[in-house]
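Here the structure is laid out as structure tokens; the discussion comes afterwards.
The values are calculated or read from the model by the stated rules, or taken from the named source; none is laboratory data. Please read all numbers here as calculations on a predicted model, not as lab measurements. Methodologically, a virtual Cβ is constructed for each residue, glycine included, from the backbone with ideal geometry; neighbour enumeration extends over all protein chains shown. Surface accessibility is based on the protein's heavy atoms, side chains included, excluding ligands, DNA and RNA. Shrake-Rupley method; radii C 1.70, N 1.55, O 1.52, S 1.80 Å.
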Amino acid sequence: MIDSGQARALSDAAERDISALRGMGDAAVFADEIFGFHVQQAAEKLLKAWLALRGQTYPLSHDLAALLDMLSVGGVDVADFDELVDYTPYAVRLRYATADPGVRPPDRPKAIRQVETLLAAVRCQLAATEAG
């Protein structure tokens, strides 16, 4: 069953994460792990919102690849969001540790654009669902 209420709650929460991301441009102030965590959280919430809009039950998982795959198997073109899977480790492993030395820091402007684009896609689906 389509759950537009759950989708709206998740997308609103993701929008708060995205607002925080917009203020985290300075890596000297906000560690990559903190920034990456909020990218992962925004993406996770938005992917789950999209699944709820499709009437799919989503798992209690932080695995962005699995969530993208669920949408893809359901016929949604999610290719534009494939790079977000790189943020999955920030949900748990890197949330409590520092990134491995030599790991390329996140491209902050690109990550923000990606989750903003995902938010726009989910909001479009939500509007269409609510319009009937």
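General observations
- Odd one out for I34 among (1) open to solvent by less than 40 Å² (accessible area, probe 1.4 Å); (2) assigned to a helix (DSSP H, G or I): (1)
- Scoring L47 on the criteria (1) under 22 Å from E130 (Cβ atoms); (2) of a type in the set (A, V, I, L, M); (3) open to solvent by 40 Å² or more (accessible area, probe 1.4 Å) leaves a single failure, condition (3).
- When S72, S61 are checked against the criterion of being part of a helix (DSSP H, G or I) and among the hydroxyl-bearing types (S, T, Y), S72 stands alone in meeting it.
- Of the residues contained in the stretch 47-63, none is found to be farther than 23 Å from I2 by Cα and of a type in the set (K, R).
- Matching residues in the stretch 5-31 - criterion: being open to solvent by less than 40 Å² (accessible area, probe 1.4 Å), in a helix (DSSP H, G or I) and in contact (Cβ under 8 Å) with a residue 40 or more places away in the chain: A7, L10, S11, A14, D17, I18, L21
- Selection status of A13, closer than 17 Å to M70 by Cα and either in contact with a helix residue (DSSP H, G or I) (Cβ under 8 Å, 6 or more places away or on another chain) or modelled with pLDDT of 95 or more (or both): no
- Residue match in the stretch 71-89 (condition: surrounded by 13 or more Cβ atoms within 10 Å (Cβ to Cβ), under 18 Å from L10 (Cα atoms) and of a type in the set (D, E)): no
- Of all residues in the stretch 91-132, those satisfying the criterion of being modelled with pLDDT of 90 or more, within 19 Å of A27 (Cα to Cα) and within 12 Å of the chain's Cα centre (by Cα) are A111, I112, R113, Q114, V115.
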